[in-house]
Amino acid sequence: MLIIDGKISAVGKNLSAPKGIRHFDAGGKIVCPGLIDLHVHLREPGQTAKENLATGTAAAARGGFTSVVCMPNTLPAIDTAGTVALIRERAAREGVVNVFVTGAITKNIAGEELAPIGGLKRAGVVAITDDGHCVQNHELMRHACQYAKMFDLPVMDHCQDYSLVTDGTMHEGYWSTVLGLRGWPSAGEEVIVARNILLAELTGAKIHCQHLSAAGSVALLRDAKKRGVPISGEACPHHFVLTDAAVAGSEKFWAADGKLISSLVTRHSSLPEWPKYDTNCKMNPPLRSARDREAILEGLADGTIEILCSDHAPHCDYEKEVEFDYAPFGIIGLETELALALMQLVHAKRLSLADLIAKFTVNPARLLNLPKGTLSAGADADVTVIDLDCEWVFRVEDSASKSKNSPFNGWKLKGKAVATIVAGKTVWSEKSELVAA
Ligand SMILES: [Zn+2]
């Protein structure tokens, strides 16, 4: 592959490179279009103790991502053209990877009044979402979809019915009963996935269901897609690696739901350990049952779920180091998602490597109309180099993120991005051998 002036100039054998060009030897590695994560919280503006554009994009680069899409649930929310302009300008200055911005569906993400969707589109947002929250009023959501369709913007939705979920903190099931924690039932997600399918059918807007966690959601999506409804979904590694048993501590998890993957994450080392009620196992939607995890994996394997992402949600130590009920939802994920997805899907022989890469590249690019996800001549030279078999241990202290809230600390993983190239510039590389002159 020949890269000139930040663009892909040619791909093929025996390319003649101009004199003085730098040479990368990616022998034995996978070279693919730069990975895209369309669900990332960069916490700017207003929550820079958790993360900022520089640290969040550095974590993305280490994870192999050349583009990220940031969520608008910031302080203030990204619900005006001015805030979009501010983030785009700062990202261009401080970010090491491409940052695409989403705008809120409703003003201040309050779910009451629509944000200026046309103005947001003109300011450059690639989608609208109230992520972290969910518009409960179906009529308001219908109008949002109609405007989004008019402005050719996808609507991304965090699917959560407040009346069913109330103040649930973990999956409603066996373990919530054993642990005495309030349950967040699967139906709380499925009801809104069903609502979104109906509204996508009614309005013709593209609706994308974020971080799917429940088996019923996958079944609904599979059926709707068969009928040609413009609906799509995404899944995050924590939902297809862990289960609600993880909230009961590592011992309980490895003894039951974790048995199958324990052989993947250890070989010569001992299994990672964590206590009961570890707040790094608290996310929204929550970790669900083994049956739900299986359904998410099936949905990914059969193409029902076309997109993989992290829902990278950094929080400070002091915020997470409280009782389970009081901790904020969310975990960081940019640096572990590629390996976890490779392990559960490709190494486990459920999905081909090409299909997995599509879920990180061309599929999100298509949904959001991004000029990315390709290695065609003339495209931006955003490239990720992956070592499929590299075994490594993720340690939160090595993370480029400002926050360390990961349930995968100390996990032995297999597969890693070893070089991340954005517009022809190497923004991260594992070993100097790859950047030999
Ligand atoms: Zn969310």
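The values are calculated or read from the model by the stated rules, or taken from the named source; none is laboratory data. A quick note: this is a predicted structure, and the numbers were derived from the prediction, not measured. Neighbour counts are summed over all protein chains in view; Cβ atoms, including those assigned to glycine, are modelled from backbone coordinates with ideal geometry. Just the protein is used for accessible areas: all its heavy atoms, side chains included, with ligands, DNA and RNA removed. Shrake-Rupley method; radii C 1.70, N 1.55, O 1.52, S 1.80 Å.
Brief remarks on what is shown
- So ASP223, is it farther than 23 Å from CYS145 by Cβ and either open to solvent by 10 Å² or more (accessible area, probe 1.4 Å) or small (Gly, Ala, Ser) (or both): no
- When we screen THR102, THR106, THR169 for residues that are in contact with an Asp or Glu (Cβ under 9 Å, 6 or more places away or on another chain), within 26 Å of GLY63 (Cα to Cα) and surrounded by 18 or more Cβ atoms within 10 Å (Cβ to Cβ), the only hit is THR102.
- Checked against the criterion of being out of contact with any strand residue (DSSP E or B) (no Cβ under 8 Å at 6 or more places or on another chain), at pLDDT 95 or above, crowded, with 20+ Cβ neighbours inside 10 Å and among the aliphatic types (A, V, I, L, M), the candidates ALA248, ALA235 yield just one match: ALA248.
Residues checked against (1) touching a Cys at 6+ places or on another chain (Cβ under 6 Å); (2) away from the ligand (no atom under 16 Å from the Cβ):
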residue: GLU190; (1), (2): no, no
residue: LEU198; (1), (2): no, yes
residue: ALA205; (1), (2): yes, yes
residue: LYS226; (1), (2): no, yes
residue: VAL229; (1), (2): no, yes
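- Boolean, GLY415 is part of a strand (DSSP E or B) and under 27 Å from HIS239 (Cβ atoms): yes
- Segment 149-166, subset in contact (Cβ under 8 Å) with a residue 60 or more places away in the chain and away from the ligand (no atom under 15 Å from the Cβ), residue farthest from ALA214 (Cα to Cα): ASP152
- Screening GLY378, GLY410 for residues that are closer than 25 Å to ASN52 by Cα and either at pLDDT below 95 or over 20 Å from the mean Cα position of the chain (by Cα) (or both) leaves exactly one candidate, GLY410.
- ASP380 vs. criteria out of contact with any Phe, Trp or Tyr (no Cβ under 9 Å at 6 or more places or on another chain), over 25 Å from ASN73 (Cβ atoms) and charged (D, E, K, R): yes
- Just so you know, in segment 304-322 the residues that are open to solvent by 30 Å² or more (accessible area, probe 1.4 Å) and out of contact with any helix residue (DSSP H, G or I) (no Cβ under 8 Å at 6 or more places or on another chain) include one that is nearest to the ligand (Cβ to nearest atom), and it is GLU319.
- Selected residue (criterion: farthest from the ligand (Cβ to nearest atom)) from residues of segment 323-334 that are open to solvent by 40 Å² or more (accessible area, probe 1.4 Å) and in a loop (DSSP other than H, G, I, E, B): GLU323
- Scanning segment 283-303 for residues that are assigned to a helix (DSSP H, G or I) and within 16 Å of the ligand (Cβ to nearest atom) yields a single hit, ILE296.
- For segment 28-45, a residue qualifies if it is open to solvent by less than 50 Å² (accessible area, probe 1.4 Å) and either over 21 Å from ASN363 (Cβ atoms) or under 16 Å from the mean Cα position of the chain (by Cα) (or both), and the qualifying residues are GLY34, LEU35, ILE36, ASP37, LEU38, HIS39, VAL40, HIS41, LEU42, ARG43, GLU44, PRO45.
- Inter-residue pairs, beta-carbon under 6 Å, first in contact (Cβ under 8 Å) with a residue 24 or more places away in the chain and in segment 33-55, second within 15 Å of the ligand (Cβ to nearest atom) and small (Gly, Ala, Ser), 6+ apart: ASP37/SER310; HIS41/ALA313
- Only one of the listed residues (ALA381, ALA339, ALA377, ALA417) is open to solvent by 50 Å² or more (accessible area, probe 1.4 Å) and in contact (Cβ under 8 Å) with a residue 60 or more places away in the chain. That residue is ALA377.
- The criterion of at least 3 residues that are over 19 Å from LEU356 (Cβ atoms) and in contact with a helix residue (DSSP H, G or I) (Cβ under 8 Å, 6 or more places away or on another chain) is met by the following helices (runs of 4 or more DSSP H) wholly inside segment 203-268: 215-226, 250-255.
Each row is one residue, and each column tells you yes or no for (1) under 17 Å from the mean Cα position of the chain (by Cα); (2) under 27 Å from HIS312 (Cβ atoms); (3) of a type in the set (Lys, Arg).
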{"residue": "ALA200", "(1), (2), (3)": "no, yes, no"}
{"residue": "CYS209", "(1), (2), (3)": "yes, yes, no"}
{"residue": "LEU220", "(1), (2), (3)": "no, yes, no"}
{"residue": "ALA224", "(1), (2), (3)": "no, no, no"}
{"residue": "GLY228", "(1), (2), (3)": "no, no, no"}
{"residue": "HIS238", "(1), (2), (3)": "yes, yes, no"}
{"residue": "THR243", "(1), (2), (3)": "no, yes, no"}
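- Out of THR384, THR426, THR374, sole residue that is closer than 29 Å to ILE207 by Cβ and part of a strand (DSSP E or B): THR384
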